[in-house]
Every structure is written in C-alpha cells, then in structure tokens.
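One structure below.
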Amino acid sequence: MRISVDELALMVHGTVDGEHGRFVEKFAPIEEADDKSLSFISNTKYGQYLYTTKAAAVLVSKDFIAEKPTDVVLIRVDD
C-alpha cells in the first residue's frame with residue numbers, strides 16, 4: 001500500500017513536520033527502515049536513530065523534541 005504522509009497524518013489525527021510530498025509503502029523498525037518505510041519512536045532511548053534512519057517518515061509524540069535538525073518527516077500524534 002502506498003500512502004502520502006499527509007493522508008497518514010489525517011488518519012492518525014496527527015500533523016506533518018517536514019516535507020509534505022513523501023509517500024510510505026511499508027512499516028519497519030527505525031534502525032532497519034528505508035526510504036519507503038514508516039517507523040516510530042515511542043521510547044526516548046530510540047531517539048538517537050532519528051539522525052541515522054533512512055525512513056521516509058517517523059511517528060512521534062506531539063511533544064517530541066529533536067536534538068538537532070533532520071531530513072526525516074515527523075508525523076506528530078497525541079499517543
């Protein structure tokens with residue numbers, strides 16, 4: 001299944017932080033993701049992977065604060 005990050009954000013009642021034109025086609029662990037993958041960070045110990053992942057987009061909580069800039073699209077959600 002191919003879905004835009006904007007469509008996905010609408011489905012999960014989230015907001016897109018980053019490039020709106022990206023698409024995802026599959027789910028993957030953040031450390032194994034590629035440019036077609038959606039991943040997530042629910043535990044801060046995995047936050048370090050945000051800066052090395054190849055994921056197209058990553059689901060994060062609305063209050064997640066990136067420690068430095070990243071090209072990864074963040075989809076911010078309540079939970």
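From the residues in the stretch 41-79 that are of a type in the set (D, E, K, R) and in contact (Cβ under 8 Å) with a residue 60 or more places away in the chain, which one is surrounded by the most Cβ atoms within 10 Å (Cβ to Cβ)?
Filtering first and then ranking leaves R76.
Name every residue in the stretch 63-78 that is modelled with pLDDT of 95 or more and within 13 Å of V12 (Cβ to Cβ), in order of residue number.
L74, I75, R76, V77
Could you tell me which residue of the stretch 30-40 is nearest to H13 (Cα to Cα), considering only residues that are open to solvent by less than 40 Å² (accessible area, probe 1.4 Å) and in a loop (DSSP other than H, G, I, E, B)?
Ranking the candidates gives I30 first.
The values are calculated or read from the model by the stated rules, or taken from the named source; none is laboratory data. Nothing here was measured: the structure is a model prediction, and the numbers come from that model. Heads up, the Cβs are rebuilt from the backbone with ideal geometry, glycines too, and the neighbour counts pull from every protein chain shown. Remember, those area values only see protein heavy atoms, side chains included, never the ligands or the DNA or RNA. Shrake-Rupley method; radii C 1.70, N 1.55, O 1.52, S 1.80 Å.
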